[in-house]
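Reviewing the structure listed below.
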């Protein structure tokens, strides 16, 4: 049992979770390029843990639970901290911080999916929740948006031109993927024998 818990992929996932407070601290102290480095490192370890788990058959139930938690922990922390005016240098570049309505949309979608999955699991015992393509695209857009915001905070160049489009894309994909998830899970439930 312990050999399926203490695996390299699970250790990488735990490292990614431990990287979140470091990342948040770097943002708080306006070290945006270092924070971006920590964010990229988290992304690399995310890809690496999945690759190693599949390649060396080290997939585990714990890893399937921890991996999405680690991903959401980093993204939610990113959006919350980057929505605070205090983390940006003065004068604050235009269209920063991330508007609250963007952050609340991203977090609400994740909470909605989590509560919905838990409720469905408790009522029906259904556990085959897999991310949809639209959900994955939404997550990638959120990751890119966080990276763009950190670079924008560091450079302050042209933020009025591209940041509104970035925010609109994040919100639109969060809403679409949330709605799609409802239909996706409904179809999977109806396909059950």
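The values are calculated or read from the model by the stated rules, or taken from the named source; none is laboratory data. Nothing here was measured: the structure is a model prediction, and the numbers come from that model. Here Cβ is always computed from backbone atoms with ideal geometry, including for glycine, and neighbour counts include all displayed protein chains.
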Restricting attention to the range 98-107, does a residue exist that is surrounded by fewer than 13 Cβ atoms within 10 Å (Cβ to Cβ), outside any loop (DSSP other than H, G, I, E, B), modelled with pLDDT of 85 or more and outside the structural domain of residue 24 (by TED's automatic domain parsing)?
yes
Return the residues of the range 38-60 that are free of Cβ contacts under 8 Å to residues at least 40 places away in the same chain and either touching a helix residue (DSSP H, G or I) at 6+ places or on another chain (Cβ under 7 Å) or farther than 25 Å from residue 24 by Cα (or both); say none if nothing qualifies.
38, 41, 42, 45, 46, 48, 51, 54, 55, 57
Going through the range 61-89 in order, the residues found to be in contact (Cβ under 8 Å) with a residue 60 or more places away in the chain, more than 21 Å from residue 113 (Cβ to Cβ) and under 14 Å from the mean Cα position of the chain (by Cα) are 82
Report yes if some residue within the range 1-22 is part of a helix (DSSP H, G or I), surrounded by fewer than 18 Cβ atoms within 10 Å (Cβ to Cβ) and in contact (Cβ under 8 Å) with a residue 60 or more places away in the chain; otherwise report no.
no
For the range 161-192, name all the residues that are buried (at least 19 other Cβ atoms within 10 Å of the Cβ) and at pLDDT below 90.
178, 181, 185
Being modelled with pLDDT of 90 or more and either surrounded by 16 or more Cβ atoms within 10 Å (Cβ to Cβ) or touching a strand residue (DSSP E or B) at 6+ places or on another chain (Cβ under 9 Å) (or both) is the filter here, so list the residues in the range 84-97 that pass it.
87, 88, 95, 96, 97
Considering residues that are closer than 13 Å to residue 99 by Cβ, in contact (Cβ under 8 Å) with a residue 60 or more places away in the chain and over 14 Å from the mean Cα position of the chain (by Cα), the number found within the range 162-179 is 3
Looking at (1) modelled with pLDDT under 95; (2) more than 15 Å from the chain's Cα centre (by Cα); (3) closer than 27 Å to residue 105 by Cα, can you tell me which one residue 2 breaks?
(3)
Residue under evaluation residue 155, criteria (1) more than 15 Å from the chain's Cα centre (by Cα); (2) modelled with pLDDT of 95 or more, criterion not met
(2)
Against the conditions (1) loosely packed, with under 15 Cβ neighbours inside 10 Å; (2) assigned by TED's automatic domain parsing to the domain that holds residue 51, where does residue 123 fall short? Just the number, please.
(2)
